[in-house]
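Shown next, in structure tokens, is the structure this report addresses.
The values are calculated or read from the model by the stated rules, or taken from the named source; none is laboratory data. These numbers were taken from a predicted model, which means no experiment stands behind them. Reconstructed Cβ throughout: ideal geometry from the backbone, glycine too, with neighbour counts over all protein chains shown.
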Amino acid sequence: MSRSASGGSNAHPELRMLYFRLQSVQRAMDLYEPMLPRPPIIDASVEGSTRDEENAGSRDSIPGLRFLREEVRRELEVLKKFLEDNSVASLPPISTNAPYLTAVWLELSCARTPVAIYRTFFPKDSKKSRPLRKGDGSSNRGVKVDVVAHSGRHWIRVNTTSIKNSRLLAEFRELDSYLTSEDEDGDGGQDKRPSLAQKEFDNSVLRMGRALLSTAKDNPISTSGDIPQVTMRLTRLDPSPANEAGEEIDSRIAKTVSCLRDMGIDVQLGEREDNQLLSMAPQPSPIPFRPTRHINLDLSSLIALVSDITHSALPTTSDEARIRFIPSQKYLEWKKERVRLLGTKGEHSSLTESGASETWADSGKHSRALSNQALQEMQKGLLQDMHDRLAAHYPSLQGVEFWTTQEARHRCLQIVSKIGGQQERKRADALLSSHICSQQPPLHSAEEQYWEHSRYPRGFLPLIPIQLFSSTEADEFPLPRRPSETPTSSPFFELVAQTCRIVLSHDAATLRAFCTVQPRLEQTSDGAPYVISSSTEQDIPPATVTSANPKLTVHTIQSMLWGASYGWTTLTANRSSVKALLKEAKIEETFTYNRERVGKGRDGGSENAAIWMVEPRSLAEGMRSDSDG
């Protein structure tokens, strides 16, 4: 504290010590950078980059840490203002929450990650057999837990004020007074009042312990069913026979501690040592994730690889990006006529004239979305990012291969044949059609066809040919088995594969029918490209969703399953599906960052990524203002 903060006096030395200690906590929090649980996912999207920058700057990614940080700041301001008062010597000491905040910080800094602060848990609703939630009823008060450690496996409750010798002794004296009053009431006549004296040993500390244990049993770890271990850190409770002043201590204090431990509660007395914890050094950065040599492509990444936005010359300014995707008059007229025809055929019979106008106007929203994608491509191109990340681990891209499922390939060709531009259809043909058609061109011709009109040089990435996973390996329906030559992958891959199988198991019949559909390829009248035959004017059929989660489609889960089963990185531009899948897998509860458990890459310096998320790139050639289509 500066001279000005001293108030010209050494008054209130205990408060000053608390002030200096809390300052040390604040400095330690600024350096606190725990090894957070991070699933092996490369997030190359704008949202992922922004989140990384925010976390690196604030280090507030731990739930509740921001509130603790703010409480420490406010408490320091209050203490400083008081101690800087020139008349501080004549003032009584103020009440401060500094001991509690310091104790919470020390528990947090020693806790096993992943951790959270200031969580509230609720007892189970006996009628519904589920934990209650905030707002279920005023009578259902939750139980506060100061630090939740080890993915919820350890609850720590800190108490620095209400549980101390003086408070507990006052409680004992009150209980003793009930007993004395009972004795003075006489020999127990008919008018005797109900007794308030205890029949069994109990107090507020034991009641708090029972509430913590009961609520912990109602909130087990969902993946294992284990009950969280409960710790009570009681900094002001001293059960020793005599205190420093030589005064005798009520034996019921020691009995209280003994009863808590008999319940199964870990009781910690006194303050945690802080001589090293208050001056923490920054933690080392986590090991980075790397893509595997074999990359599994889902539908969204296939679309991105053929998109005009990915390959065309970049706009030079944001205005140019916006103007590029202002729909041409020809396109707007076609769109309006198409909506009218669909309504006439009954496919959209509910469309009124107003509804048709709204659908026609949706092209404006679409153009804005495409402009944003072009701006993202200007920051760093999709293919450039893929090249750089792969080349960093596999020099000259030696041995790098790209794979996809039959279902993703089928739907990609279906979509591109309907709404893709001429160059986008040619790229899709080069990637997915030519090598399985009866009139397949040589690989070098397919490669030339793919990179034609691209701003990247031919062969910039070894995308040709994209290999197809077999769909004939399962007994009931196509589910992959790990090839014998594939090394054992980390538990995260296994967890994703298991989750995908569980999700798909609810749709076994649908999946069998889904996987037996094979695309019929025909050559167009102009000789190229090879596309799925479209004998009707119907729209592209909607993707089949899973019954387990309507946010997950069958083809997406199939792609994730193949990649996870083989231990290969799955490249996707479908962030929402990744989030839904992680939620199904309960990653936030089951995945703990542990190097031995996660597994390292062969080079020992990085870990294989299970998922690689990128920004989406839509089919955009037909939406360009300079398009002839």
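Out of the range 80-122, which residues are in a helix (DSSP H, G or I) and of a type in the set (Val, Ile, Thr)?
88, 102, 104 - these are the residues of the range 80-122 that are in a helix (DSSP H, G or I) and of a type in the set (Val, Ile, Thr).
Can you work out which of the residues in the range 286-307 that are of a type in the set (Val, Ile, Thr) and outside any helix (DSSP H, G or I) is modelled with the lowest pLDDT?
287
Select from the range 140-154 the residues that are in a loop (DSSP other than H, G, I, E, B) and not polar (S, T, N, Q) and write down the one among them that is surrounded by the fewest Cβ atoms within 10 Å (Cβ to Cβ).
Filtering the range 140-154 for residues that are in a loop (DSSP other than H, G, I, E, B) and not polar (S, T, N, Q), the one surrounded by the fewest Cβ atoms within 10 Å (Cβ to Cβ) comes out as 141.
Which condition breaks for residue 428 when tested against (1) modelled with pLDDT under 90; (2) touching a Gly at 6+ places or on another chain (Cβ under 7 Å)?
Evaluating residue 428 over (1) modelled with pLDDT under 90; (2) touching a Gly at 6+ places or on another chain (Cβ under 7 Å) leaves (1) as the failure.
Could you figure out which of (1) outside the structural domain of residue 144 (by TED's automatic domain parsing); (2) at pLDDT below 60; (3) of a type in the set (D, E, K, R) isn't true of residue 53?
With respect to (1) outside the structural domain of residue 144 (by TED's automatic domain parsing); (2) at pLDDT below 60; (3) of a type in the set (D, E, K, R), residue 53 is out only on (1).
Restricting to the range 29-50, name every residue that is at pLDDT below 85 and in a loop (DSSP other than H, G, I, E, B).
Across the range 29-50, the qualifying residues are 32, 33, 34, 35, 36, 37, 38, 39, 45.
Which residues, counting only those in the range 400-425, are over 17 Å from residue 570 (Cα atoms) and either of a type outside the set (A, V, I, L, M, F, W, C) or modelled with pLDDT under 90 (or both)?
The answer is 410, 411, 414, 417, 418, 419, 420, 421, 422, 423, 424, 425.
Sort out which residues of the range 375-410 are on the phi > 0 side of the Ramachandran plot and hydroxyl-bearing (Ser, Thr, Tyr), and write them in order of number.
Across the range 375-410, the qualifying residue is only 396.
Each row is one residue, and each column tells you yes or no for (1) in a loop (DSSP other than H, G, I, E, B); (2) modelled with pLDDT of 70 or more; (3) closer than 27 Å to residue 114 by Cα.
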| site | (1), (2), (3) |
| --- | --- |
| 515 | no, no, no |
| 548 | yes, yes, no |
| 556 | no, yes, no |
| 564 | no, yes, yes |
| 592 | yes, no, yes |
| 596 | no, no, yes |
| 615 | yes, yes, no |
